[in-house]
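Everything below concerns the one structure shown next.
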Amino acid sequence: MRVIYKKYLPKEEIPVYDYARNRKLVKYYTRETMAAVVSVACLFEGRAPDPCMPFFYSSGETEMIDLYRGIGDRITSVEKDFRSTWFVENVAVLISPLERFKTMRNTTACLVAIENGLKGDNGVLLASASGLLYSAMFTETEGTVLIGAGKLYADGTVECGFAEGLPAEFATHPLLDSPGDAIEIFQPSKSPAVWPS
């Protein structure tokens with residue numbers, strides 16, 4: 001089993017350009033995606049992942065995205081009763097398509113798969129440690145599985161973790177039947193005895 005966990009503080013630069021092979025896509029990256037691309041590159045340093053490797057990623061709740069701040073600013077500056085048609089006509093049209101793309105829950109997983117040529121079974125889950133571990137355990141493969149999780153906090157802090165292992169190796173994790181968030185699987189403080197550092 002190979003495991004990696006990275007955490008970047010609010011103003012800390014994520015060295016995505018040191019690792020991204022497809023630099024044209026970086027404009028679509030959130031801080032979570034940047035951390036994920038760097039983490040996977042470090043996990044597979046010196047070797048390429050098997051393109052058929054199953055890949056499951058859990059995208060944690062983004063606590064606050066700039067998009068929502070911008071929407072809030074636009075709505076509070078208008079002295080009208082809120083109506084959905086007014087929102088679509090006056091606010092939605094002002095939101096950049098790049099920002100909309102960044103809010104899609106599967107964006108990070110898709111960009112990690114594109115960056116690493118992963119074409120096998122895949123899935124995006126929302127925040128569940130158990131769901132991520134069970135997905136890895138029950139996937140049909142004779143090889144290894146890649147799992148990952150990320151979380152972007154309101155202040156800009158981002159956490160990201162990935163593990164590559166055989167399906168049976170995920171069955172012993174103590175968060176298997178817990179209500180915890182998937183990022184907890186990789187946090188050294190939550191499972192130091194389970195994962196190698």
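Listing for the model above:
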item: Filter result for the condition that a residue is at pLDDT 85 or above, out of contact with any helix residue (DSSP H, G or I) (no Cβ under 7 Å at 6 or more places or on another chain) and open to solvent by 10 Å² or more (accessible area, probe 1.4 Å), over ARG83, ARG31; result: ARG31
item: Counted residues, region 158-182 - those being acidic (Asp, Glu), surrounded by fewer than 21 Cβ atoms within 10 Å (Cβ to Cβ) and closer than 20 Å to GLY143 by Cα; result: 1
item: Answer residue from region 91-114, given it is polar (S, T, N, Q) and at pLDDT below 75 and is surrounded by the most Cβ atoms within 10 Å (Cβ to Cβ) among those; result: THR103
item: Unmet requirement for LEU176, which otherwise passes all of (1) within 18 Å of the chain's Cα centre (by Cα); (2) assigned to a loop (DSSP other than H, G, I, E, B); result: (1)
item: Hits in region 111-160 - residues which are without any contact (Cβ under 8 Å) to a residue 12 or more places away in the chain and among the polar types (S, T, N, Q); result: none
item: GLY156 vs. criteria outside any strand (DSSP E or B) and on the phi > 0 side of the Ramachandran plot; result: yes
item: Number of the exception - ALA154 against (1) touching a helix residue (DSSP H, G or I) at 6+ places or on another chain (Cβ under 8 Å); (2) exposed (fewer than 15 other Cβ atoms within 10 Å of the Cβ); (3) of a type in the set (A, V, I, L, M); result: (1)
item: Count of region 168-186 residues which are in contact with a strand residue (DSSP E or B) (Cβ under 6 Å, 6 or more places away or on another chain) and not aliphatic (A, V, I, L, M); result: 1
item: Matching entry among SER58, SER39 (being open to solvent by less than 30 Å² (accessible area, probe 1.4 Å), out of contact with any helix residue (DSSP H, G or I) (no Cβ under 7 Å at 6 or more places or on another chain) and either modelled with pLDDT under 90 or polar (S, T, N, Q) (or both)); result: SER39
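The values are calculated or read from the model by the stated rules, or taken from the named source; none is laboratory data. Remember, predicted model here, so these are calculated numbers, not experimental data. With ideal geometry, Cβ positions are generated from the backbone for all residues, glycine too; neighbour counts draw on all protein chains shown. Each accessible area value is taken on the protein alone, full model and side chains, heavy atoms only, with ligands, DNA and RNA left out. Shrake-Rupley method; radii C 1.70, N 1.55, O 1.52, S 1.80 Å.
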